[in-house]
Amino acid sequence: MKKFNIRKVLDGLTAASSSSSSATAQPGTPRENDVVQETLQSEHFQLCKTVRHGFPYQPSSMAFDPVQKILAVGTQTGALRLFGRAGVECYCQHESGAAVIQLQFLINEGALVSALADDSIHLWNLRQKIPAILHSLKFNRERITYCHLPFQSKWLYIGSERGNIHIVNVESFTLSGYVIMWNKAIELSTKTHPGPVVHISDNPMDEGKLLIGFECGVVVLWDLKSKKADYRYNYDEAIHSVAWHHEGKQFVCSHSDGTLTTWNIRAPAKPAQIITPHGKQPKDGKKPEPCKPILKVEYKTTRAGDPFMVLSGGLSYDTVGRRACLTVMHGKSTAVLEMDYPIVDFITLCETPYPNDFQEPYAVVVLLEKDLVVIDLGQIGYPIFESPYPLSIHESPVTCCEYFADCPSELIPALYSVGSRQKRQGYSKKEWPISGGNWGQGTQTYPEIIITGHADGSIKFWDASALMLQVLYKLKTAKVFERARGKEEKPSTDIVDEDPFAIQTLFWCPESRMLCVAGVSAHVIIYRFSKQEATTEVVQLLEVRMQSEFSEADSPDPGGEQTPTLPTSAASSSPQEAEPPNQLTAGVNSSEGARDNIPCLQVRSSPLKQSPGYQVELVVQLVWVSGEPPQQITSLAVNSSFGLVVFGNSNGLAVVDYVQKTLLLNLGTSELYSPSDPCQRQPRSPRKPRQPSGGFCDSNDGSNNSEDRCKSPTSGSTSPCNSDDERKQNFIEKAKMSRKISSSGEQKLDLEDRSHRWSPWLCKWPVGSMKNGKLAARMTRKLNVHKTKSDPHRYGKDNAFTRSRSSSVTSIDRESREAISSFYFCESFPRKSGSLASPCLLVGTTQGSVMMVALSLQPGGDQKLQQSLSFASCGTLVQLKGGILTMALLDAAGTMLPPSCEVWYDPNASDEEKEKEKTRRRRPATPPSSQEGQDSQFAVLCSEKQANVVAMPSQTSIYKHNITETSFVLRADVVQMAGAYCIACFCANGHIMTLSLPSLRPLLDINYLPLTDMRIARTFCFSNLGQALYLTSPTEIQRITYSQETCDNLQEMLSELFTPVETPEAPNRGFFKGLFGGGAQSLDREDLFGETTAGKASRSLAQHIPGPGSMEGMKGAASGVVGDLARARVALDERGQKLGELEERTAAMMASAESFSKHAHDMMVKYKDKKWYQL
């Protein structure tokens, strides 16, 4: 019997209440079940987090289990990340969000103790795939400063800011009555407080001796049994850390003046040795100059050689600007290892977990602010290990992100083969030392690829299959351009102050492997994938002049004329012919005149050696126009069958043939609404290789101020040079605005009226023809409106917000700010009366308009060079509220019709191989036909506010759904789920929703993530099969699923942290040590700290809180199926226990009855023959 799920009902009610109108068919249209039989139900959807990848953001502490080989990292936000072998990682979070100040493993016990800055300690159970807190202890009157848990002990020492030491039983998480008070530990004659406890450790050879370090420089050796101090060691400088020699006769202290003091435990009067590792030794025998504090020191011994002393800090003060260093002292040699970032913590990895044996160090794990480095101590030069973790996501800030699930299986091996050649050399040859845990046993086997674009212009491809993440290939787009060698050479034409190569948006076709990238400097780069190396003598460049200006705020008159300009405003002439002096290459850039025809970046003029992988096919750059910088590109799409790339911004759109390196179409946004008379245009060939010229003017020249030029690579509201606070404030203001469009009804009626009145216009260009070496020029449309911010959107994969449309924005501003927000190549019906589908381009704008442009192109092949190309605007298809985010096309059965594409072939292969590849190229499917009066396609359109399904070719809106009224959609994608298709949406109010197709029924609505950061909005993306991700911090990717099936199988898919491993044998004491009483001395801590001897601690000192992973917490927090099973198991146990007790009671009653019967029988026999008077 199917189980009734009340949660699904509540989800449905929430979804219904969040929208003002349900997805119901309009009057006169078929009912839902008459159109398409839908299979997706709400039972297919459930939202949960899966895994988190990347470097822990703002790390604060670290711990290592030497037996389990597991590394734990705590952060300043209360997060806990655990790492094992490659692919084994786990993320946990403390509810309080307080910083993790220290971590302590219960070695080989599958447990971890965390101490937080809010004076709480927590016990984590690592024996389950998702670790949970078993116990918590919150201190009320003491501030925790240091913790120490001896190996194979259940008693945790906790040092406080007041200088006291408390002891906690980690099994029950209760305080012992045994307390070491600071005033008893120090000398009675001391008049000042010794400060907080900065170190606690027990003598490796005597567990009854506890070494306590106070911040002021006092170290006390405390006898736990006699409860008094044996020795006190005084030094003038503050202490930062203490380390024992394994024999327990010496210890080393690091101090704030950069010195290391070595003490013999039986000689407390003065240190046995004082050294300053980085101090200059004066010749006159005076004390060396003070250095920076040595924050941590570790002292590790070896059997066969000199001991290792590893320390961080301690550099001389005259090393200004020097990076953080780790110093390794081994015998007489001292190695100073520079780090890229400040050191947070380090741990020396040793062969044995026992502190009283030779340590035999083999590696040092160094936790930096933005990296994790493992150093091999066993090889000369101390090389580092190659990290198997995906910790380089933030190598350069992520500006955009795309997610492809269930992509072609041959892609990952192809990317890996070219990416493996990019690996650095010089790594340690040994295996990665953090090797604990086991991989999950999930059944999710489909390939997944994540692509990240970065601020330095790099693009990284990641293998994200099976809940893992591994870098496959890295592409550096900045290699295409000349780099400024100094500040004096920095181009003044940059439209951003920082990161001119930052990736703004990208488009990737997995089938053809075509990659198209748009950057913040208004440039587009088209790449082809090749397995062979190539050298490009001249980088093919096409410069495009896009400008749209009106004299009025409203759209121009439909009858207006377009006047072709002279060739000086176009791209350059043919490479074979001389270039006129007034062509685009001679851009105006003088102190007297405004900048004109100058791109923002200079393409390199020297030959470009291109390694196997993605290689440059064409660079397209927008140029300055009359002192105005080019608007950033907001949308992008590629069609490999036609060899076209289309891109748009707030001025209009341009279509480029990347095969012939030709500009085919350059239209203003207004012309999509108001097609005019046909005009003859000719294609532009790629310009000649342009020599680097000094054609850049001062940055203060021009009418645009820096605020107008500094656009964000993805957000559309701020630039990379803006601060995070400004971004956050802009977002909060935007989120609060009511995105209402005044006079939207009038605008919609006007558009509908115009779309019926206008007749489609047609422009044709015979490709490859030229007249006298001059090509037809682009149109320069003059519209005097004020410059506005660009609106980053892209075809189906938007990475950013659209701009705010508050009620205070005037209609003139709204009209002038309309930008192209998305594209979609398809084969559909451009006319209502059409019966045969033809290639089309759907164009969406930030004002909610969807236009259709008919294309007449020949797909692929050499014949394309002789065919004529034509474009015809078909007017407005539909008008929605809010900017258009995504568009798609479904067939009559509800299956998605992807854009046609060609199969990948290697452009650098031999002619024979190319011919073989051409024979198997994928041709576009036969265009579907439509019978008269019947619709055979559904156009799916989603905006920031609404979703709409339009039947084609009748262009009738059959379903419409208001997604949100009070918020706006940030990201929307048409995705495949359980063999069907749906729309997945992420709103600014944190809701994640899915709508069925084509009926737009709400299937899921969960308030998942209250949005407070622009980063999340910029990087959130959906993919097929219920997968999604976003950048949860500047260094971490959070993956989530909205699939019920994945949620159910998540436990099997996750990796295991704890694996059963035998603890190594304790070191042998030896015959003579055993005979004469040497070796380690044990201590019965239970007898010393237990309640019987030490008594109970004060109840007001700390509060015990049962964790959700404990039995008390499980009974209170169990819910859902797992909770039902747990409760059923508990009930069965209780029932079995009661049955056992009942059986015991029954047996006791039977025994009692038998005994009574026996006694009765004996009495009867005894008195059977006696008379009554004989009794």
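The values are calculated or read from the model by the stated rules, or taken from the named source; none is laboratory data. Worth saying up front: this structure is predicted, and the values here are computed from it rather than measured. With ideal geometry, Cβ positions are generated from the backbone for all residues, glycine too; neighbour counts draw on all protein chains shown. Surface accessibility is based on the protein's heavy atoms, side chains included, excluding ligands, DNA and RNA. Shrake-Rupley method; radii C 1.70, N 1.55, O 1.52, S 1.80 Å.
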Listed by range, helices (runs of 4 or more DSSP H) wholly within the stretch 994-1112 having at least 2 residues that are aromatic (Phe, Trp, Tyr) and either at pLDDT below 95 or crowded, with 20+ Cβ neighbours inside 10 Å (or both) are 1071-1075
Flagged in the stretch 429-452 as open to solvent by less than 60 Å² (accessible area, probe 1.4 Å), out of contact with any Gly (no Cβ under 8 Å at 6 or more places or on another chain) and in a loop (DSSP other than H, G, I, E, B), in numbering order, are Trp432, Pro433, Gly440, Gly442, Gln444, Tyr446, Pro447
Just wondering, is there one or more residues in the stretch 287-307 that are closer than 27 Å to Val365 by Cβ, surrounded by fewer than 22 Cβ atoms within 10 Å (Cβ to Cβ) and among the hydroxyl-bearing types (Ser, Thr, Tyr)?
-> yes
The correct count of residues that are within 47 Å of the chain's Cα centre (by Cα), open to solvent by 10 Å² or more (accessible area, probe 1.4 Å) and closer than 18 Å to Gln273 by Cβ in the stretch 230-240 is 2
Going through (1) part of a strand (DSSP E or B); (2) surrounded by fewer than 20 Cβ atoms within 10 Å (Cβ to Cβ); (3) out of contact with any Phe, Trp or Tyr (no Cβ under 8 Å at 6 or more places or on another chain) one by one, Val344 fails only at (2)
Among the residues of the stretch 351-393, the number that are outside any loop (DSSP other than H, G, I, E, B) and open to solvent by 10 Å² or more (accessible area, probe 1.4 Å) is 5
>> Tell me yes or no: at least one residue of the stretch 463-483 is at pLDDT 95 or above and of a type in the set (Asp, Glu).
In response: yes
Within the stretch 113-142, the residues that are assigned to a strand (DSSP E or B), of a type outside the set (A, V, I, L, M, F, W, C) and either under 28 Å from the mean Cα position of the chain (by Cα) or buried (at least 18 other Cβ atoms within 10 Å of the Cβ) (or both) are Ser114, Ser120, His122, Asn125, His135, Ser136
Restricting the stretch 888-937 to residues that are among the basic types (Lys, Arg) and surrounded by 16 or more Cβ atoms within 10 Å (Cβ to Cβ), the one modelled with the lowest pLDDT turns out to be Arg922
With the first residue restricted to the stretch 614-630 and required to be at positive phi, and the second required to be open to solvent by 10 Å² or more (accessible area, probe 1.4 Å) and not in a strand (DSSP E or B), Cβ contacts under 8 Å at 6 or more apart or on different chains are Ser626/Gln547; Ser626/Ala594; Gly627/Ala594; Gly627/Asp701; Gly627/Gly702; Gly627/Ser703; Gly627/Asn704
- State yes or no: is Ser641 modelled with pLDDT under 90 and open to solvent by 10 Å² or more (accessible area, probe 1.4 Å)? no
Quick count over the stretch 615-638, residues being in contact with a Phe, Trp or Tyr (Cβ under 6 Å, 6 or more places away or on another chain) and either open to solvent by less than 10 Å² (accessible area, probe 1.4 Å) or assigned to a loop (DSSP other than H, G, I, E, B) (or both), is 5
Check whether at least one residue in the stretch 375-393 is at pLDDT 95 or above, among the charged types (D, E, K, R) and in contact with a Pro (Cβ under 7 Å, 6 or more places away or on another chain), and report yes or no.
yes
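Might you check whether a residue that is charged (D, E, K, R), touching a residue at least 24 places away in the same chain (Cβ under 8 Å) and within 25 Å of Val36 (Cβ to Cβ) occurs anywhere in the stretch 1026-1038? First the steps, then the outcome.
If we filter the stretch 1026-1038 for residues that are charged (D, E, K, R), which is where we start, we get 1036.
Adding the requirement that they be touching a residue at least 24 places away in the same chain (Cβ under 8 Å) leaves 1036.
Remaining after also requiring within 25 Å of Val36 (Cβ to Cβ): none.
No, the conditions are met nowhere in the stretch 1026-1038.
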Among residues of the stretch 65-106 being of a type in the set (Val, Ile, Thr) and surrounded by fewer than 19 Cβ atoms within 10 Å (Cβ to Cβ), the residue nearest to the chain's Cα centre (by Cα) is Thr77
Over the stretch 308-328, the set of residues assigned to a loop (DSSP other than H, G, I, E, B) and either open to solvent by less than 50 Å² (accessible area, probe 1.4 Å) or at positive phi (or both) is Gly314, Leu315, Thr319, Gly321, Ala324
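Quick check on the stretch 955-976. Is at least one of its residues in contact with a strand residue (DSSP E or B) (Cβ under 8 Å, 6 or more places away or on another chain), basic (Lys, Arg) and either surrounded by fewer than 21 Cβ atoms within 10 Å (Cβ to Cβ) or in a loop (DSSP other than H, G, I, E, B) (or both)? Walk me through it before giving the result.
Here is the first cut: in the stretch 955-976, the ones in contact with a strand residue (DSSP E or B) (Cβ under 8 Å, 6 or more places away or on another chain) are 955-964, 967-976.
Filter once more, so that each one left must be basic (Lys, Arg): 960, 971.
Checking which are either surrounded by fewer than 21 Cβ atoms within 10 Å (Cβ to Cβ) or in a loop (DSSP other than H, G, I, E, B) (or both) leaves us with 960.
Within the stretch 955-976, one or more residues are in contact with a strand residue (DSSP E or B) (Cβ under 8 Å, 6 or more places away or on another chain), basic (Lys, Arg) and either surrounded by fewer than 21 Cβ atoms within 10 Å (Cβ to Cβ) or in a loop (DSSP other than H, G, I, E, B) (or both).
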Selection from the stretch 260-286 of residues in contact (Cβ under 8 Å) with a residue 40 or more places away in the chain and open to solvent by less than 30 Å² (accessible area, probe 1.4 Å) yields Leu260, Trp263, Ile265
Thr145 meets each of (1) in a strand (DSSP E or B); (2) out of contact with any Asp or Glu (no Cβ under 8 Å at 6 or more places or on another chain); (3) buried (at least 19 other Cβ atoms within 10 Å of the Cβ) with one exception, condition (2)
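Would you point out which residue out of Gly84, Gly97 is of a type outside the set (A, V, I, L, M, F, W, C) and in contact with a Leu (Cβ under 8 Å, 6 or more places away or on another chain)? Full working, then the answer.
Working: Gly97 fails: in contact with a Leu (Cβ under 8 Å, 6 or more places away or on another chain).
Among Gly84, Gly97, only Gly84 is of a type outside the set (A, V, I, L, M, F, W, C) and in contact with a Leu (Cβ under 8 Å, 6 or more places away or on another chain).
Is there a residue being in a strand (DSSP E or B), over 30 Å from Phe105 (Cβ atoms) and within 25 Å of the chain's Cα centre (by Cα) anywhere in the stretch 405-419? Don't jump to the end; show me each part of the working.
Taking the stretch 405-419 first, the residues in a strand (DSSP E or B) are 405.
Within this subset, residues satisfying the condition of being over 30 Å from Phe105 (Cβ atoms) are 405.
Applying the additional criterion that residues be within 25 Å of the chain's Cα centre (by Cα) yields 405.
Yes; the residues of the stretch 405-419 include at least one that is in a strand (DSSP E or B), over 30 Å from Phe105 (Cβ atoms) and within 25 Å of the chain's Cα centre (by Cα).
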Output for Cβ contacts, cut-off 7 Å, separation at least six or different chains, first residue within 30 Å of Glu351 (Cβ to Cβ) and among the hydroxyl-bearing types (Ser, Thr, Tyr) in the stretch 431-447, second in a loop (DSSP other than H, G, I, E, B) and open to solvent by 30 Å² or more (accessible area, probe 1.4 Å), reads Ser435/Lys69; Ser435/Arg85
